[in-house]
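See structure below.
The values are calculated or read from the model by the stated rules, or taken from the named source; none is laboratory data. A quick note: this is a predicted structure, and the numbers were derived from the prediction, not measured. As a convention, Cβ positions derive from the backbone with ideal geometry for all residues, glycine included, and neighbour counts pool all protein chains shown.
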Amino acid sequence: MRIGLLGFGTVGQGVYELTGPRPDMQVVWVLCRRPLSLPDAKVTHDFNDILLDPTVDTVVEAIGGLHPAREYVLAAIRAGKNVVTANKALVATFYDELLPLTLEKGTLLRCTASVGGGIGWLSELERVRRIETVRSVGGIMNGTCNYILDAMTRRGLSYEDALAQTQALGYAEADPTTDVDGIDTWHKLIVSANIAFGVSLDISAIPAAGIRRIRGEDVARFRARGYTCKLISRAQAEEGAYHAYVQPELFPQGAPEAAVPENYNLITLVGSTSGRQSFLGQGAGRYPTAYNVVQDCVDFLSGRGFYCGYGPKVPVTNDRPMRYYVRGGWPRERTRENWDGAAVTEPVPVAQMHRWLKENPEAFIAALPE
Ligand code: HSE
């Protein structure tokens, strides 16, 4: 396998290192903006050098972001090259373009590292689908948010100090608002749910609430009541209706989610026969992510392409009621409990609560367990 590697940042460098000693694959081109010299690969600023090299059979996209990643990946597929990407924003946003094109061209496309870093999550979903129906997927999918919430809960750090640590450790996205506003988790949920259910969810109806507004006082209220706050994604398929959302949720001590430390992810599926299966691992970082990129390249060697076929576009209904902790602006007449100055709401449909939050962006919400 002759690889054209797009990007030489955290993930790209990891891919270069992990493929280096392998006899079955070789990085022959690296697309990189900054000056770089490598002993065994040509370095270019021009993507066309890679696109027009007929000896390159595989493009590994590790530049991130939507553009020019979309244009490069679409051009590579049109040129008949196989593509591995770790870019969840790309796959989630352009699912309806990428998947039909790769199926039409008969090329291979995989993105295992885009969800769960080093966890074999999407590849396991593919295996699960061979036997049974997936009823739900979700969990802790963002290492940065988990690190921040864990540091605030167990080490008493401020939100700002914890966020600075995730940036120093290389977990956060280039723009960390993507992590803390729940957008990174949202992308990962969309990719996971589309593959799990074999559909293309209406992403405009999937809301995301993040952790940007959480304060030490919220964490103190949760701790006093035995709860731990986590940023959670959920997607469920129930009798032809789909639910999908991202939001902070509270877990009692003893729940597996409550114990997830640092940058770890805990992602769960419920299968129609196998029941609940959870996957724990490092969801961010150079080597865990590069590991799954190389796994995808190995899968290409045995002809494995995308995890599922291209399914129908389906609407998302988030009408299930949940009770929420709300700090800031929740109406008194819809409050059931008072937690030292913060409200616990009556049951509110998920979609309705997220609409309210859009109109009250200074508030912080966290769903309570059922
Ligand atoms: N910023 C992401 C995270 C990186 O913290 O989980 C891995 O996708």
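Output the residues belonging to the range 316-330 that are under 22 Å from the mean Cα position of the chain (by Cα) and either of a type in the set (Phe, Trp, Tyr) or over 16 Å from residue 192 (Cα atoms) (or both).
317, 318, listed by residue number.
Hey, among 65, 12, which residue is touching a strand residue (DSSP E or B) at 6+ places or on another chain (Cβ under 8 Å) and under 30 Å from residue 168 (Cβ atoms)?
Just one listed residue meets the conditions, 12.
Please tell me if residue 324 is modelled with pLDDT of 95 or more, more than 16 Å from the ligand (Cβ to nearest atom), under 20 Å from residue 138 (Cα atoms) and not assigned by TED's automatic domain parsing to the domain that holds residue 172.
So residue 324 does not fit the description; no.
Within the range 301-310, work out how many residues are among the small types (Gly, Ala, Ser) and either in the same structural domain as residue 98 (by TED's automatic domain parsing) or not in a loop (DSSP other than H, G, I, E, B) (or both). Lay out the reasoning, then the answer.
First pass over the range 301-310, keeping only residues among the small types (Gly, Ala, Ser): 302-303, 305, 309.
Remaining after also requiring either in the same structural domain as residue 98 (by TED's automatic domain parsing) or not in a loop (DSSP other than H, G, I, E, B) (or both): none.
Total meeting the criteria: 0.
Residues that are surrounded by 16 or more Cβ atoms within 10 Å (Cβ to Cβ) and charged (D, E, K, R): find the strands (runs of 3 or more DSSP E) completely inside the range 3-87 holding 3 or more of those.
In the range 3-87, no matching strands (runs of 3 or more DSSP E) lie anywhere.
I need every pair where a residue in the range 317-341 that is in contact (Cβ under 8 Å) with a residue 60 or more places away in the chain and under 18 Å from residue 370 (Cβ atoms) has its Cβ under 9 Å from the Cβ of a residue that is in a loop (DSSP other than H, G, I, E, B) and among the hydrophobic types (A, V, I, L, M, F, W, C), sequence separation at least 6 or different chains.
318/206; 325/368
Could you grab me the full set of residues in the range 103-115 that are surrounded by fewer than 23 Cβ atoms within 10 Å (Cβ to Cβ) and either of a type outside the set (D, E, K, R) or part of a strand (DSSP E or B) (or both)?
If we filter the range 103-115 for residues that are surrounded by fewer than 23 Cβ atoms within 10 Å (Cβ to Cβ), which is where we start, we get 103-108.
Listed by number, the residues that qualify are 103, 106, 107, 108.
Take the residues in the range 116-135 that are under 22 Å from residue 85 (Cα atoms), out of contact with any Pro (no Cβ under 6 Å at 6 or more places or on another chain) and assigned to a loop (DSSP other than H, G, I, E, B), then tell me which one is farthest from the ligand (Cβ to nearest atom).
120
From the list 185, 228, 177, exactly one residue is touching a helix residue (DSSP H, G or I) at 6+ places or on another chain (Cβ under 8 Å), in contact (Cβ under 8 Å) with a residue 60 or more places away in the chain, within 14 Å of the ligand (Cβ to nearest atom) and not hydrophobic (A, V, I, L, M, F, W, C). Which is it? Lay out the reasoning, then the answer.
On the way: 228 fails: within 14 Å of the ligand (Cβ to nearest atom); 177 fails: in contact (Cβ under 8 Å) with a residue 60 or more places away in the chain.
The conditions single out 185.
Are any residues in the range 237-257 buried (at least 18 other Cβ atoms within 10 Å of the Cβ) and more than 16 Å from the ligand (Cβ to nearest atom), and if so, which ones?
Hits for the range 237-257 are 237, 242, 243, 244, 245, 247, 249, 250, 251.
When residues of the range 249-262 are filtered for being in contact with an Asp or Glu (Cβ under 9 Å, 6 or more places away or on another chain) and not in a helix (DSSP H, G or I), how many remain?
Residues flagged as in contact with an Asp or Glu (Cβ under 9 Å, 6 or more places away or on another chain) and not in a helix (DSSP H, G or I) within the range 249-262 amount to 5.
Based on this model, can you work out whether residue 138 counts as within 16 Å of the ligand (Cβ to nearest atom), at positive phi and surrounded by fewer than 22 Cβ atoms within 10 Å (Cβ to Cβ)? Talk me through it step by step, then tell me what you get.
Values: within 16 Å of the ligand (Cβ to nearest atom): yes; at positive phi: yes; surrounded by fewer than 22 Cβ atoms within 10 Å (Cβ to Cβ): no.
No.
Is it the case that some residue within the range 158-166 is within 11 Å of the ligand (Cβ to nearest atom), in contact with a helix residue (DSSP H, G or I) (Cβ under 8 Å, 6 or more places away or on another chain), assigned by TED's automatic domain parsing to the domain that holds residue 221 and β-branched (Val, Ile, Thr)?
Scanning the range 158-166, I find at least one residue that is within 11 Å of the ligand (Cβ to nearest atom), in contact with a helix residue (DSSP H, G or I) (Cβ under 8 Å, 6 or more places away or on another chain), assigned by TED's automatic domain parsing to the domain that holds residue 221 and β-branched (Val, Ile, Thr), so the answer is yes.
Does any residue of the range 211-220 turn out to be away from the ligand (no atom under 14 Å from the Cβ), surrounded by fewer than 24 Cβ atoms within 10 Å (Cβ to Cβ) and part of a strand (DSSP E or B)?
no
Please tell me if residue 148 is among the β-branched types (Val, Ile, Thr) and within 11 Å of the ligand (Cβ to nearest atom).
Judged against the criteria, residue 148 is a match.
Across the range 286-304, what is the total count of residues that are closer than 12 Å to residue 114 by Cα and not β-branched (Val, Ile, Thr)?
Within the range 286-304, residues that are closer than 12 Å to residue 114 by Cα and not β-branched (Val, Ile, Thr) number 5.
Looking at this structure, is residue 155 in the same structural domain as residue 220 (by TED's automatic domain parsing), more than 16 Å from the ligand (Cβ to nearest atom) and of a type in the set (D, E, K, R)?
yes
Out of the range 273-300, which residues are part of a helix (DSSP H, G or I), modelled with pLDDT of 95 or more and either acidic (Asp, Glu) or within 16 Å of the ligand (Cβ to nearest atom) (or both)?
Within the range 273-300, 290, 291, 292, 293, 295, 296, 299 meet the criteria.
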